[in-house]
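The values are calculated or read from the model by the stated rules, or taken from the named source; none is laboratory data. Because the structure is predicted, anything quoted here is derived from the model rather than measured. Note that we place each Cβ from the backbone using ideal geometry, even for glycine, and neighbour counts take in every protein chain shown.
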Amino acid sequence: MRNLLLFAGVALLFVLTGFLQSWNLSLQILNLALLSAVMAIGVNIQWGYAGLFSTGIVGSVALGGLAVVLVSSKPVPEGWAAGGPRILAALVFAGFAIWLAGRLYRALPKSRTRALAMTAFLLVAFFIYRAVLDPAVLAVETNNPSHAGNIGGLGLNSLWAWPVGAALAAAAAWLIGKIALGLREDYLAIATLGIAEIIVAVMRNEDWLARGVKNLIDLPRPWPVPREIDLQADPAYLDMVGSFGLDPVSTSTILVKLMYAAMFGLVLVGLIWLCERALKSPWGRMVRAIRDNEIAAEAMGKDVKRRHLQIFIIGAAVVGLAGAMMTSMEGQLTPQSYIPLRFTFLVWVMVIVGGSGNNWGAVLGGLLIGWLYLAVEFLGPQLMDWITASLPPGELKTRLQETAAHMRLLTLGVVLLLVLRFAPKGLIPER
């Protein structure tokens, strides 16, 4: 009953936002909160199930967004013809060189000769890689840079990009896990944060991939969500709206957001069902035993490193799925918007507030903090205007009104402190 009341209270927040502000705004916040809940589930799988402290969540989100560009953006045949095959060849060569370097490292005996041989091999491989890649990149980026300058996508429905986004994030997690999962918790957090920033930096600077900071807009929407302008030109829709006496413009935006909410809700329900089944299975009991006492679990014959890598990949895949869903909803990719505050530390706040180790707690935290993070953006200035209404015009009143934009961070900090003080295991703690 307590858990039901908590979810009912969060639902009431969205209802009040619809009545007191607008239903369009309420549904917009709901959709982003649903995506935040999916991300929180991914982090909860890594931390709540296995105790893996990863701060590279923003990298998985960015890779999910990149998948939408590669799968569903408009093809650029001229850009691909200018250097696409050579870029692909350079990337394949880089992967082969890294694989061969690993084989050589294991084959050669430990000595100064091995160090010198590995250094020479990597330097030669690097210069060959750059010699193939750089001319191809220049050819692609000089192809109509004001409108293209990239290799383009496949032009498919962005629904196909959702599993591809999960797969890209999972592949990156496998590589990161092979490198960093053997580190201690604090070093693992530093390593994953650094690698995530490298991923975002590559997306910002490599224009041939997704136009970099020039942004890529007008991405197709997932089936069957239509564009508002197409709905407003549909005679059947206009007749239906006219029969109820509704405004066709505002109704079209609400209808589109409702369709997104239904799709995201179905994905969230499916993830909860799968996670609950997994958590209550022998596999779930095993990973929690590894989390609680690695030495005892390893003594019982459990492969701790393999399970850690498995959990790390699954959690990153869920976050990558959420990143692809978000980009397909927004219809654009803006690499500069992928900041750790929004897509790493805020998601961690959701898991901590909701209750790590509990799937329902992660969902509650995602919905609650997702609403709070976006609602304070318009509630903060209104509250500050009310507080400073009795003050005379002057520097103090102006300065207080300017600080209203920072009330979002203050509010999140206060909520986190209250939860850690009165419910240290979260609103819905792990059983």
Residues that are in contact (Cβ under 8 Å) with a residue 24 or more places away in the chain and not in a helix (DSSP H, G or I), drawn from the stretch 351-389 | 355, 356, 357, 358
Flagged pairs (Cβ under 6 angstrom, 6 or more apart or on separate chains; first in the stretch 54-77, at pLDDT below 90; second in a loop (DSSP other than H, G, I, E, B)) are 73/153; 73/219; 74/155; 75/155; 76/148
Taking the stretch 371-396 and keeping only residues that are of a type outside the set (Gly, Ala, Ser) and buried (at least 17 other Cβ atoms within 10 Å of the Cβ), one is left with 371, 372, 373, 374, 376, 379, 384, 388
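So which residues in the stretch 106-131 are over 35 Å from the mean Cα position of the chain (by Cα) and either in contact (Cβ under 8 Å) with a residue 40 or more places away in the chain or closer than 19 Å to residue 175 by Cα (or both)? Steps first, please.
Of the residues in the stretch 106-131, the ones over 35 Å from the mean Cα position of the chain (by Cα) are 106-121, 124.
Matches in the stretch 106-131: 106 only.
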What helices (runs of 4 or more DSSP H) lie completely within the stretch 186-290 and have 1 or more residues being loosely packed, with under 14 Cβ neighbours inside 10 Å and not polar (S, T, N, Q)?
-> 228-232, 235-244, 248-279
Where residues in the stretch 26-76 are touching a strand residue (DSSP E or B) at 6+ places or on another chain (Cβ under 7 Å) and in a loop (DSSP other than H, G, I, E, B), which of them is surrounded by the fewest Cβ atoms within 10 Å (Cβ to Cβ)?
-> 74
Checked pairs for the stretch 411-431, first part of a helix (DSSP H, G or I), second surrounded by 13 or more Cβ atoms within 10 Å (Cβ to Cβ) and hydroxyl-bearing (Ser, Thr, Tyr), C-beta under 7 Å and 6 or more apart or across chains, list as 412/373
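Say whether the condition of being under 20 Å from residue 8 (Cα atoms), part of a helix (DSSP H, G or I) and among the hydroxyl-bearing types (Ser, Thr, Tyr) is met by at least one residue in the stretch 390-398. Even if it seems obvious, please write down each step before you answer.
So in the stretch 390-398, the residues under 20 Å from residue 8 (Cα atoms) come out as none.
Within the stretch 390-398 (the criterion being under 20 Å from residue 8 (Cα atoms), part of a helix (DSSP H, G or I) and among the hydroxyl-bearing types (Ser, Thr, Tyr)), the answer is no, since none of the residues qualifies.
Can you say whether residue 320 is closer than 25 Å to residue 193 by Cα, at pLDDT 90 or above and either of a type in the set (Asp, Glu) or in a helix (DSSP H, G or I) (or both), as far as the supplied structure shows? Give the steps one after another, and end with the answer.
Values: closer than 25 Å to residue 193 by Cα: yes; at pLDDT 90 or above: yes; either of a type in the set (Asp, Glu) or in a helix (DSSP H, G or I) (or both): yes.
So residue 320 passes the test.
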